[in-house]
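Report on the structure given below.
The values are calculated or read from the model by the stated rules, or taken from the named source; none is laboratory data. Fair warning: this is a prediction, and the values are worked out from it, not measured in the lab. With ideal geometry, Cβ positions are generated from the backbone for all residues, glycine too; neighbour counts draw on all protein chains shown.
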Amino acid sequence: MQQRYAVPGGRRGSVIGERELDVLGQLVSSDATLSAGGWREAFEEAFARYVGARHALSVTSGTVALEIAIRLLDLAPGDEVVVTPQTFQASIQPLLDLNVEVRFCDIDPLTLNMDPAALEPLLTDRTRAVILVHYGGCPADMDAVMKLTRPRGITVIEDSAHALGADYHGRRPGSLADISTFSFHSTKNITTLGEGGMITLERDDWAERVGRYRNNEVDGDYVRHGADPGAAPAALPWMMFADEIYDRACSGIRNAGTNATMSEAAAAVGLAQLDRLDELVERRRLIARRLDEVVSAFPQARTLAVPEGVRHAYHLYTFLVHDRDMRDALLRELDERGVEVQLRYFPLHLTPEWRFRGHGPGECPVAERLWFEQHMNLPCHPGLLDSQVDHLVDALTAALTAVTGATPNPGGAAAAAV
Ligand SMILES: Cc1ncc(COP(=O)(O)O)c(C=O)c1O
């Protein structure tokens, strides 16, 4: 297919190579199961080790991971959940199904992550959970968030869809909150052949619930009453699970289960991708460094901050410009120069579904100002060739020069007027 853009946005966030083709070949030419087998187990073990979590449970997408994570909260009517507006809709969409109070917390203009200073006043004795994202791959200020939430018994979900490969003071997203979710969608830092997701957590009882739910079993409470020869007919080999079924009783049902099993092909590729994750993220960092140099050379533009002790995974490259006219002109200039820009994300509290639930303008002034006036994204993914990165750097320099009328001042970050 003819590519319209010299520098495409990231429809593919990763690179599939020999290693992935090799494991797929091994799998297909063996007689092993194609569902719920050894590759899934190996991928989950390696993933848990990588992020430093006790449990890693794979599922079919980041969206499903979030649906399940939110189910684990057992939210009841009247409960409150504080969320970030600056994320993809899947981060909080399951809350639309529940009769709970959602509070949108404004963001830090330096990182676009949830601002702990804005979080504190939103917490009440009805707050049950906080859902945040590590925007673009830059870990949120988790020390501050956990310090506010831990003593109040509030559960924190970190949507780590962007942050695989990031580092937070020597720890990794996936082990910084109570529950973490990941996406292996085609655009993400690694992919499991286009779709896939993971949940990481510490609690054994939650891991057991996730295991059941994703495996078409009911998310319920069970009591084991022990083998009772009177109640259970002797199990014959063809009576699948008969012993287990007769050996326990259901004492409550939260939800019906579903089938969210990651296929063996997806897991095998995921394992190979995880092996090369650091190299893929380094490539993102290199591209981001080159873009930062250009942005810093213009006082009317500003790079986002990377806090001390944090390593960004650059799922997205984002920077800010001075005002709306400049942003709109820059979008046109970049488009004409063959750079595909995909702006991410429209503040969720202003989407029709959340406005229908009573949310609206003024609720998160920082998120709104940045989105409508200053927010810019650029392509930043390891599939870009060196020549495409050079093109991107030249196009950005020329576009910023054209819209600001300024000549670039290399190393001029300190003069930023944004
Ligand atoms: C922040 C965030 N959360 C959740 C998701 C949903 O992941 P998936 O596309 O795997 O369902 C995405 C992705 O696309 C995302 O960017």
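Results for (1) surrounded by 23 or more Cβ atoms within 10 Å (Cβ to Cβ); (2) within 19 Å of the chain's Cα centre (by Cα); (3) assigned to a helix (DSSP H, G or I); (4) without any contact (Cβ under 8 Å) to a residue 60 or more places away in the chain, shown as yes or no for each residue.
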| position | (1), (2), (3), (4) |
| --- | --- |
| 82 | yes, yes, no, yes |
| 86 | yes, yes, no, no |
| 95 | no, yes, yes, yes |
| 151 | no, no, yes, yes |
| 165 | yes, yes, no, no |
| 177 | yes, yes, no, yes |
| 181 | yes, yes, no, no |
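Specify which of the listed residues (324, 344) is modelled with pLDDT of 95 or more, crowded, with 16+ Cβ neighbours inside 10 Å and either under 18 Å from residue 186 (Cβ atoms) or in contact with a helix residue (DSSP H, G or I) (Cβ under 9 Å, 6 or more places away or on another chain) (or both). Full working, then the answer.
Details: 324 fails: crowded, with 16+ Cβ neighbours inside 10 Å.
Exactly one of 324, 344 is modelled with pLDDT of 95 or more, crowded, with 16+ Cβ neighbours inside 10 Å and either under 18 Å from residue 186 (Cβ atoms) or in contact with a helix residue (DSSP H, G or I) (Cβ under 9 Å, 6 or more places away or on another chain) (or both), namely 344.
Please determine whether any residue of region 406-414 is assigned to a loop (DSSP other than H, G, I, E, B), more than 16 Å from the ligand (Cβ to nearest atom), touching a Lys or Arg at 6+ places or on another chain (Cβ under 7 Å) and modelled with pLDDT under 95. Give the derivation first.
The initial filter retains those residues of region 406-414 that are assigned to a loop (DSSP other than H, G, I, E, B), namely 406-412.
Retained after the next criterion (residues that are more than 16 Å from the ligand (Cβ to nearest atom)): 406-412.
Now narrow it down to the ones that are touching a Lys or Arg at 6+ places or on another chain (Cβ under 7 Å): none.
No, region 406-414 contains no residue that is assigned to a loop (DSSP other than H, G, I, E, B), more than 16 Å from the ligand (Cβ to nearest atom), touching a Lys or Arg at 6+ places or on another chain (Cβ under 7 Å) and modelled with pLDDT under 95.
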(request) Give me a count of the residues in region 1-20 that are assigned to a loop (DSSP other than H, G, I, E, B) and within 27 Å of the chain's Cα centre (by Cα). (result) 11
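Residues are listed down the side, and each one gets a yes or a no for (1) within 16 Å of the ligand (Cβ to nearest atom); (2) touching a residue at least 12 places away in the same chain (Cβ under 8 Å); (3) crowded, with 16+ Cβ neighbours inside 10 Å; (4) part of a helix (DSSP H, G or I):
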position: 40; (1), (2), (3), (4): no, yes, yes, yes
position: 45; (1), (2), (3), (4): no, no, no, yes
position: 48; (1), (2), (3), (4): no, yes, yes, yes
position: 53; (1), (2), (3), (4): no, yes, yes, no
position: 56; (1), (2), (3), (4): yes, yes, yes, no
position: 66; (1), (2), (3), (4): yes, yes, yes, yes
position: 69; (1), (2), (3), (4): yes, yes, yes, yes
position: 75; (1), (2), (3), (4): no, yes, yes, no
(request) Inspect region 364-378 for any residue being away from the ligand (no atom under 16 Å from the Cβ), under 27 Å from residue 282 (Cα atoms), crowded, with 19+ Cβ neighbours inside 10 Å and under 21 Å from the mean Cα position of the chain (by Cα) and give the result as yes or no. (result) yes
(request) Could you figure out which of (1) in contact with a strand residue (DSSP E or B) (Cβ under 9 Å, 6 or more places away or on another chain); (2) away from the ligand (no atom under 13 Å from the Cβ) isn't true of residue 217? (result) (1)
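Criterion first (touching a strand residue (DSSP E or B) at 6+ places or on another chain (Cβ under 6 Å), within 16 Å of the ligand (Cβ to nearest atom) and either at pLDDT 95 or above or not assigned by TED's automatic domain parsing to the domain that holds residue 118 (or both)) does residue 313 satisfy it?
Values: touching a strand residue (DSSP E or B) at 6+ places or on another chain (Cβ under 6 Å): no; within 16 Å of the ligand (Cβ to nearest atom): yes; either at pLDDT 95 or above or not assigned by TED's automatic domain parsing to the domain that holds residue 118 (or both): yes.
Taking the combined requirement at face value, the residue does not satisfy it.
Scan region 192-211 for residues that are within 11 Å of the ligand (Cβ to nearest atom) and either surrounded by fewer than 24 Cβ atoms within 10 Å (Cβ to Cβ) or modelled with pLDDT under 95 (or both) and report the count. Spell out the reasoning first.
So the first thing to find is which residues in region 192-211 are within 11 Å of the ligand (Cβ to nearest atom), and the list is 192, 194-198.
Filter once more, so that each one left must be either surrounded by fewer than 24 Cβ atoms within 10 Å (Cβ to Cβ) or modelled with pLDDT under 95 (or both): 194-195.
Final tally of qualifying residues: 2.
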(request) Mind listing just one residue for me: the one in region 277-311 that is under 20 Å from residue 376 (Cβ atoms) and assigned to a strand (DSSP E or B) and, of those, farthest from the chain's Cα centre (by Cα)? (result) 301
(request) Filter region 332-378 down to residues that are outside any helix (DSSP H, G or I) and aromatic (Phe, Trp, Tyr) and give me whichever is farthest from residue 135 (Cα to Cα). (result) 346
(message) When you check residue 158 against the structure, is it within 14 Å of residue 91 (Cα to Cα) and among the charged types (D, E, K, R), yes or no?
(response) yes
(request) Kindly provide the set of residues from region 21-38 that are in a helix (DSSP H, G or I) and more than 26 Å from residue 202 (Cβ to Cβ), ordered by number. (result) 21, 22, 23, 24, 25, 26, 27, 28, 29
